[in-house]
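We did not get these values from a lab; they are worked out from the coordinates using the rules stated. What you see is a predicted model, and the numbers here were worked out from it, not measured in a lab. Cβ sites come from the backbone with ideal geometry, for glycine too, and all protein chains shown count toward neighbours.
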Amino acid sequence: MVDEQSERSTSRGPGRPIEADPDAIALTALRLFAEHGADGITMTKIAQACGISRRSLFRWFPSKAALVWGGTVEADERFEAAYAARPAEGTPLAELVKAAYVSAIAPLGATADVTRLRLQLIDANPNVYAWGADARRRMSRHIAEHIAHSERVSPDGLRAITLAAAWTAAAYTALVWWADHGGDRSPADVLDEALTGLGLG
């Protein structure tokens, strides 16, 4: 294993630096991961490929996991904001969760190349998938809390945690399908279709 801690500096590589564009940095890193494997690429190599310093790279992305799972915190925040803005009582819980998911994912259509590559890497590599455990756990927990509030049950009860896990798994599967087969469709459109009529709730 390469000792990344011993690599303290990097010279600026040739070409125009992409320091101001985190999406371009992420796309460069993801392509390196896809070509060489995530374990074989260090943060120093990523910085060199981008023509930026390690310090600049770490300012945007503190780890390789952040390069792959980048945006999940923001997506969770969008989910929570959309759910908080839900309509008056009477809308089925499944519809509320679906609408919040679609709102959370909608901005990803603007960076489709990066999003597709992220999802393909995550799905193909168990280690990379494991890097996102905290993000998946956070989203599932929030959904369980919404179920608990809506149905007046415990967020740690069987109903809440299994239903939340089912929604989370369905959303992930739909997004991976979009990455592989979605073509020109937006991730939000695919997610909306996948979660419609799922029978959850």
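Numbers below:
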read-out: Of LEU158, LEU30, TRP177, farthest towards positive along the dipole that unit charges on Lys, Arg, Asp, Glu beta carbons give the chain; value: LEU30
read-out: Over the range 71-195, relative contact order from alpha-carbon pairs under 8 Å, at least 6 apart, %; value: 29 percent
read-out: Pairwise centroid distance, computed over Cα atoms, of the range 153-185 with the range 72-140, Å; value: 9 Å
read-out: Spacing of the two label points (7 Å from each Cα toward its C-beta) at THR196 and ARG137, in nm; value: 3.5 nm
read-out: Cβ-based charge dipole, the chain, positive-most Cα from SER63, PRO187, TYR83; value: SER63
read-out: Using a Förster distance of 35 Å, the FRET efficiency for GLN120-ARG86 (Cβ separation, nearest 0.05); value: 0.60
read-out: Label-reachable residues, the range 49-78, where backbone N falls under 12 Å from a point 7 Å from HIS36's Cα toward its Cβ; value: 49-50
read-out: Calculated FRET value between TRP177 and PHE58, using beta carbons and R₀ = 25 Å, to 0.05; value: 0.15
read-out: Simple Cβ-charge dipole of the range 71-195, Lys/Arg +1 and Asp/Glu -1, about Cα centre, in debye nearest 20; value: 260 debye
